[in-house]
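Heads up, the thing below is written out as structure tokens.
The values are calculated or read from the model by the stated rules, or taken from the named source; none is laboratory data. Since the structure is predicted, the reported quantities are computational estimates derived from the model, not experimental observations. Here the Cβ positions follow ideal geometry from the backbone for every residue, glycine too, while neighbour counts run over all protein chains shown.
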Amino acid sequence: MAKTFSLEIVATDRIFYKGECEHLVITAIDGLLGILAGHEPLVTALPAGELKYMVDGKWRYAAISDGFIQVMPDKSVILADSCELPEEIDIKRAEEARERAQEKLRQKQSIQEYYQTQAALNRAMNRLKVSQKHFK
Amino acid sequence: MPNMREIRERIESIKQILKITNAMYLMSSSKLKKARKSLEATEPYFYKLQETIESVLEHTPHTRQMYFDRRSSIPPEKRKKGYIVITADKGLCGSYNHNILKYTEQELAKSADISNCYLFIIGQVGRQYFNNRNRNSSKASVDGEFLYTTQNPTLYRAMEIAQLVLDKFESGELDEVYVLYTDMVTSNLQETRTVQLLPFERRHFGKAQDGTMKKLPKASFLPSPEEVMSHLIPNYAKGIIYGAMVEAFCCEQQSRMTAMDAATTSAKDMIKDLSLLYNRARQAAITQEITEVCGGAASLNK
């Protein structure tokens, strides 16, 4: 049995996961990051991306949108706006969101609007990617 | 003894009001159920966020990040303060609106120069209240383009609000930002509260219970503390605003429900009292009529 550390994933609408975890892989702002038990203290921000964690030798996947992670010697905490299992993702809704965002990007927007739309597009694409990869 | 017709009309009108208050009671109780559910879902995030930020800041090395900028070059009384105030969109919810407005007034009164205060009001009632006040005398300025509703708070709305105040802070239009909202302590106890959003104050955090600074190992920040903070703080602001909005909405529904319940009960009491009065008046009228008839008959027999 691999060494475990306690992991807590909290989304704005629920506690997504709370328990032991053997291995955690997250998408941080500058790339993938793997975390095992006994990782050094670390704080980093998470953009919309894929997340996987291993419980009892099995990988579990989730799609998360903006948040951050705090890794402490005894536990790790991920706080995110939303966190979904691949099977929970509403593909139709995500596709609609993607199209809406793409449509908006073609129009003239202020810089702020542009960033917001781009963020929305990223979230939608990420949802689609995760659900297509792990849930068929 | 009041007129019978008057009493009847009064009873009728009370019955009409009773119908309205009762309908509002039912509506707010079903809305409250929904709001409670979302509050329960959000609360763990809200508290965890505060707790985690606190512990993150304990491990943060000193940074020159702009959100930490305390604007020490500006004297305290000259600093522009922004207040995000969460009120209801409608009235008829007991003392809920009154409490938060009064609380806001108190907060505003604390600052040395009220013309340096900027209000961002979520909810129709507060907006109207402060707009009316402003017409009378020069007071804190209300952002007229800040139009957000309190109904069914969404993360997206919170994000927009957070973005707006962060932009204003960055550009120097605001030097301090506070959120004023009503917190649901228990289902019967509500409390108005202030949370300081910006600048990010480390002295709120980073102190142990006994007041001494904790010595903690520095955590590493990827890619750099500044970079992480510039992501983390907008996220934090969004989370705090969203949490406050959810709390306030739940409080609003709760107080509306209580107020409408009380109104319905007292309407029923009034109807009871008035019908008693009505019956008495009717009885008196009948008695009088009989006396008159008897009197008339007796005078004929003479």
Task: Selected residue (only one of B:Glu54, B:Glu77 is in contact (Cβ under 8 Å) with a residue 24 or more places away in the chain and within 11 Å of chain A (Cβ to nearest Cβ)) - done: B:Glu54
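Residues are listed down the side, and each one gets a yes or a no for (1) exposed (fewer than 14 other Cβ atoms within 10 Å of the Cβ); (2) of a type outside the set (Gly, Ala, Ser); (3) at pLDDT 80 or above:
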residue: B:Ile161; (1), (2), (3): no, yes, yes
residue: B:Asp183; (1), (2), (3): no, yes, yes
residue: B:Lys215; (1), (2), (3): yes, yes, no
residue: B:Asn235; (1), (2), (3): no, yes, yes
residue: B:Ile240; (1), (2), (3): no, yes, yes
residue: B:Ala248; (1), (2), (3): no, no, yes
Task: Of all residues making up the range A:1-17, the number that are in a strand (DSSP E or B), within 14 Å of chain B (Cβ to nearest Cβ) and in contact with a Ser or Thr (Cβ under 8 Å, 6 or more places away or on another chain) - done: 4
Task: Filter result (among the small types (Gly, Ala, Ser) and either facing chain B (nearest Cβ under 8 Å) or in contact with a Gly (Cβ under 7 Å, 6 or more places away or on another chain) (or both)) within the range A:43-81 - done: A:Ala45, A:Gly67, A:Ala80
- [ ] Would you please list the contacts, defined by Cβ atoms under 8 Å and residues six or more apart or on different chains, that run from a residue in the range B:86-99 that is free of Cβ contacts under 8 Å to residues at least 60 places away in the same chain and under 11 Å from B:Ser255 (Cα atoms) to a residue that is hydrophobic (A, V, I, L, M, F, W, C) and surrounded by fewer than 23 Cβ atoms within 10 Å (Cβ to Cβ)?
- [x] B:Gly91/B:Val125; B:Asn97/B:Val125
TODO: Name, by its number, the condition in (1) touching a Cys at 6+ places or on another chain (Cβ under 7 Å); (2) small (Gly, Ala, Ser); (3) exposed (fewer than 15 other Cβ atoms within 10 Å of the Cβ) that does not hold for B:Ser72.
DONE: (1)
